[in-house]
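Single-structure report; data block below.
Derivation of every value follows stated rules applied to the coordinates shown; laboratory data play no part. Bear in mind the structure is a predicted one, so any value in this text is a computation, not a measurement. So basically every Cβ, Gly included, is an ideal-geometry build from the backbone, and we count neighbours across all protein chains shown.
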Amino acid sequence: MDQEPRKVILVTDGDHVAQKVVETVARELGGRCISLSSGNPTPLRGKQMVELIKMTPHDPVIVMFDDNGDFGQGRGEQAIEYVAKHPDIEVIGAIAVASNTRSVQGATVAYSVDNHGQIVEEAVDKDGYADQELKHRIYGDTVDILNSLQIQNVIGIGDIGKMEGKDSLSKGCPITRIAVQWILERSKVHDPSNGEASSHLREDR
């Protein structure tokens, strides 16, 4: 009997700060984070990421991707494309992270989380400020590929774990948490443990 596709959230950031934040949010919300996907640039190929995703005990699985500013389609975007198109993976949403990179096309978003934790119908900049002049585009070094993949539930966000300290670990990374919760609610994916086991969850290495 065929297994159901694994439910995955893509995050277009993978530096050390983003890693700690994503690990924390995944643990608190009852999900799993592929910690080995973090790095500048992304250290894993798409095939390796799929293998790690399939090894996790339950959904949702949060995976990080980062091009480290590479021009064109870098390793992060190549890995996103592989994962998103894999038949065993169902991408339930993506967090498009702004880095104010201007030599990119940018990813189109209908919604973002601003640095006050509000869902807004605009794009935001690296510091999490909504700006109509961005014309619903998140500018980051790993986001362009999202336009061609027809991923549902894409939400913009400022620089994860930062945003002038408003998304810091010391404050509970509330902005990133809201973005993940928004995707889970829109995709109708809930914590499989109903919160009972979230305190024991570890990051998958």
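Worth pointing out:
- With only Cα atoms counted, the chain has Rg and Dmax values of 15.3, 50 Å.
- Table column - 3J(HN,Hα) (Hz), the range 119-135, Karplus curve with 6.51, -1.76, 1.60, x for Gly and Pro: 7, 10, 8, 8, 8, 10, 8, 4, 8, x, 8, 6, 8, 4, 5, 6, 6
- Dipole of the chain [Lys/Arg +1, Asp/Glu -1 at C-beta], most positive-end residue of Thr42, Ile160, His116: Thr42
- Where N is the number of residues in the range 2-64, Cα Rg divided by 2.2 N^0.38 Å: 1.05
- Taking the square roots of five times each eigenvalue of the Cα gyration tensor of the range 58-112, the equivalent ellipsoid has semi-axes of 21, 15, 10 Å, listed largest first.
- Relative to the Cα centre, the charge distribution of the range 1-127, modelled as +1 at Lys and Arg Cβ and -1 at Asp and Glu Cβ, gives a dipole magnitude of about 380 debye.
- For a modelled paramagnetic label at Asp131, 7 Å from Cα along Cα-to-Cβ, the residues of the range 87-114 in reach, with backbone nitrogen under 19 Å, are 96-114.
- Neighbour cut-off at most 15 other Cβ (10 Å), DSSP loop, trypsin sites (Lys or Arg not before Pro), the range 1-94: Arg45
- Selection from Ala79, Ser99, Thr12 lying farthest towards where the dipole of the range 1-148 points positive, charges on Cβ: Ala79
- Cross-link pairs beyond the 24 Å C-alpha cut-off, checked among Lys126/Lys171; Lys47/Lys162; Lys20/Lys126; Lys85/Lys188; Lys47/Lys188: Lys47/Lys162; Lys47/Lys188
- Inter-centroid distance (Cα atoms) of the range 75-122 relative to the range 1-67, Å: 14
- At least 20 Å along the helix axis (C-alpha) and Kyte average at least 0.5, DSSP helices within the chain: none
- Long-range amide H partners of Val154 with built H, under 5 Å: Ala94
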